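The values are calculated or read from the model by the stated rules, or taken from the named source; none is laboratory data. The structure displayed is predicted, hence computed values, not measured ones. Backbone-built Cβ (ideal geometry, glycine too); neighbour counts: all protein chains shown. Ligands, DNA and RNA are stripped out before the accessible areas are found, and what is left, the full protein with its side chains, is counted by its heavy atoms. Shrake-Rupley method; radii C 1.70, N 1.55, O 1.52, S 1.80 Å.
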Amino acid sequence: MFDLPALRAELSEKYDLAPSPELATEMSDIYDRMSRVITPADWAIYAPYVKAINELKIKRNAVILGHNYMTPEIFHGVSDFVGDSLQLAIKATEVEADVIVQCGVHFMAETSKILSPHKTVLMPDMEAGCSLAESITAEGVEEMRRRYPGAPVVSYVNTTAEVKAASDICCTSSNAAQIVGAMESDTVIMTPDQYLAQNVARDVPHKNVVWWEGSCIVHEQYTAQDLREFREWNPGTRLIAHPECPPEVVDEADFSGSTSGIIKYVTDEKPEKAMLITECSMASNIADELPEVDFVGPCNMCPYMKKITLEKVLYALDTMTGQVEVDPTMAEKARLSVQRMIDLSRKLGI
Ligand code: 13P
Ligand code: SF4
């Protein structure tokens with residue numbers, strides 16, 4: 001747990017972090033990427049942090065990997081690479097920096113460490129977890145293997161290193177159906193997201209997909225009734241859902257895809273009005289790039305993703321605290337599952 005007043009006091013001894021309209025104007029090229037969703041007054045607060053972080057990245061030879069659910073000031077202000085879970089995992093294998101700062105949740109940082117064991121991977125807040133990752137342990141995977149002997153285990157990357165190590169291969173929301181479809185066995189075990197598994201099961205009807213009963217606290221809140229009512233009240237709105245939503249919600253949507261799949265769909269289609277059935281920052285991060293799209297409707301916040309803030313990123317880089325470690329033997333086994341996913345995705349052209 002962070003002692004935020006102490007953290008702020010420590011940072012302000014080393015950096016000038018007072019709100020600065022002058023700095024905000026100087027850094028207007030960065031602000032232009034988020035001016036539709038961040039007020040000038042807020043940007044004057046963020047600009048000193050963005051400047052300090054970007055300078056410190058050079059000093060530490062660090063890169064920041066930012067997930068699509070990060071807030072705009074992190075996504076546009078300090079991230080060197082942004083993307084969905086698959087893209088960030090691949091990027092972690094490619095970057096040459098000594099330090100990776102993972103702006104996302106803990107399982108993403110663990111994945112980076114598994115793929116780049118010799119790099120320092122920093123997590124700005126170790127409590128940024130994930131309800132899916134917390135829903136299953138390696139014992140749960142073994143229980144599924146006992147229930148379905150011989151069936152391969154495809155685990156979502158939203159899992160701990162221990163669960164990845166106990167699985168045969170990983171998947172993300174952008175490659176799950178293709179990975180499951182490529183398994184030799186008729187029965188395939190998917191963990192831990194029951195809804196992703198149910199959505200995949202419909203895309204690969206020739207497979208008997210069985211699942212663990214985990215769920216995402218952000219996407220499970222949407223109901224088909226919400227979407228029907230929203231469409232009735234707002235005719236002409238394009239509804240776009242993440243596949244962690246229940247299947248009846250995905251059924252009501254016009255498109256379903258990973259976070260990057262959603263961005264690509266909206267960028268290509270440019271609907272007049274769009275409702276993103278996913279985490280709130282998604283729409284904010286693409287609002288400036290797509291001025292012709294009106295992002296409407298409610299969204300749900302991921303409390304874990306929102307633990308990552310500019311001040312915690314600065315603190316992690318300044319003090320080099322929040323280093324993610326994975327037991328080397330477990331990391332080696334987990335790496336096989338993640339690497340199999342990356343290799344198979346490349347082979348399948350995803
Ligand atoms: P993506 O792989 O689509 O980015 O999803 C990650 C996630 O946690 C969604 O809730
Ligand atoms: Fe986990 Fe859901 Fe948050 Fe994604 S949105 S990190 S799946 S809790």
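Which numbered condition in (1) of a type outside the set (Asp, Glu); (2) in contact with a helix residue (DSSP H, G or I) (Cβ under 7 Å, 6 or more places away or on another chain); (3) over 25 Å from Gln87 (Cβ atoms); (4) within 14 Å of ligand 1 (Cβ to nearest atom) is the only one that Val141 fails?
So the condition that Val141 fails would be (4).
Which one of Ile64, Ile45 is among the β-branched types (Val, Ile, Thr) and farther than 26 Å from Ser260 by Cα?
Ile45
Go through segment 281-308 and report how many residues are part of a loop (DSSP other than H, G, I, E, B), within 14 Å of ligand 1 (Cβ to nearest atom), in contact (Cβ under 8 Å) with a residue 40 or more places away in the chain and open to solvent by less than 60 Å² (accessible area, probe 1.4 Å).
3
I need the helices (runs of 4 or more DSSP H) fully contained in segment 60-133, keeping only those with at least 3 residues that are within 16 Å of ligand 1 (Cβ to nearest atom) and open to solvent by 10 Å² or more (accessible area, probe 1.4 Å). Write out each step before concluding.
Numbers: elements: 72-75, 85-94, 106-115.
Those helices (runs of 4 or more DSSP H) span 85-94, 106-115.
As an exercise: evaluate Pro48 against (1) open to solvent by less than 10 Å² (accessible area, probe 1.4 Å); (2) touching an Asp or Glu at 6+ places or on another chain (Cβ under 7 Å); (3) within 16 Å of ligand 2 (Cβ to nearest atom); (4) not β-branched (Val, Ile, Thr) and give the number of the one condition it does not meet.
(3)
Scan segment 307-321 and tell me whether some residue there is small (Gly, Ala, Ser) and at pLDDT below 95. Walk me through it before giving the result.
The initial filter retains those residues of segment 307-321 that are small (Gly, Ala, Ser), namely 316.
Okay, now just the ones that are also at pLDDT below 95, so none.
No, that holds for no residue.
Can you tell me which residue is farthest from Met341 (Cα to Cα) among those in segment 51-102 that are within 16 Å of ligand 2 (Cβ to nearest atom) and among the small types (Gly, Ala, Ser)?
Gly66
Considering only segment 221-241, state which residues are within 25 Å of Leu132 (Cβ to Cβ) and open to solvent by 80 Å² or more (accessible area, probe 1.4 Å). Write out each step before concluding.
To start, the set of residues in segment 221-241 that are within 25 Å of Leu132 (Cβ to Cβ) comprises 221-227, 239-241.
The answer is Gln221, Gln225.
Looking at segment 134-146 only, could you name the residues that are open to solvent by less than 20 Å² (accessible area, probe 1.4 Å) and either in a loop (DSSP other than H, G, I, E, B) or within 16 Å of ligand 2 (Cβ to nearest atom) (or both)?
We begin by selecting, within segment 134-146, every residue open to solvent by less than 20 Å² (accessible area, probe 1.4 Å); these are 136, 140-141, 144.
Within segment 134-146, Ile136 is the sole residue that qualifies.
Would you mind finding the one in Glu22, Glu10 that is open to solvent by 70 Å² or more (accessible area, probe 1.4 Å), without any contact (Cβ under 8 Å) to a residue 40 or more places away in the chain, part of a helix (DSSP H, G or I) and of a type outside the set (Ser, Thr, Tyr)?
Numbers: Glu10 fails: without any contact (Cβ under 8 Å) to a residue 40 or more places away in the chain.
After applying the criteria, what remains is Glu22.
Looking at segment 28-42, which of its residues are of a type in the set (A, V, I, L, M, F, W, C), touching a residue at least 24 places away in the same chain (Cβ under 8 Å) and farther than 18 Å from Leu317 by Cβ?
Within segment 28-42, Met34, Val37, Ile38 qualify.
Determine whether Glu252 is open to solvent by 20 Å² or more (accessible area, probe 1.4 Å) and more than 18 Å from the chain's Cα centre (by Cα).
yes
Within segment 62-112, work out how many residues are of a type outside the set (A, V, I, L, M, F, W, C) and closer than 19 Å to Cys130 by Cα. Steps first, please.
Let us first name the residues in segment 62-112 that are of a type outside the set (A, V, I, L, M, F, W, C), namely 66-69, 71-73, 76-77, 79-80, 83-85, 87, 91, 93-94, 96, 98, 102, 104, 106, 110-112.
Of the ones still in play, those that are also closer than 19 Å to Cys130 by Cα are 66-69, 71, 83-85, 87, 102, 104, 106, 110-112.
Qualifying residue count for the region: 15.
Does Ala161 meet the test of being under 30 Å from Ser79 (Cα atoms) and open to solvent by 10 Å² or more (accessible area, probe 1.4 Å)?
no
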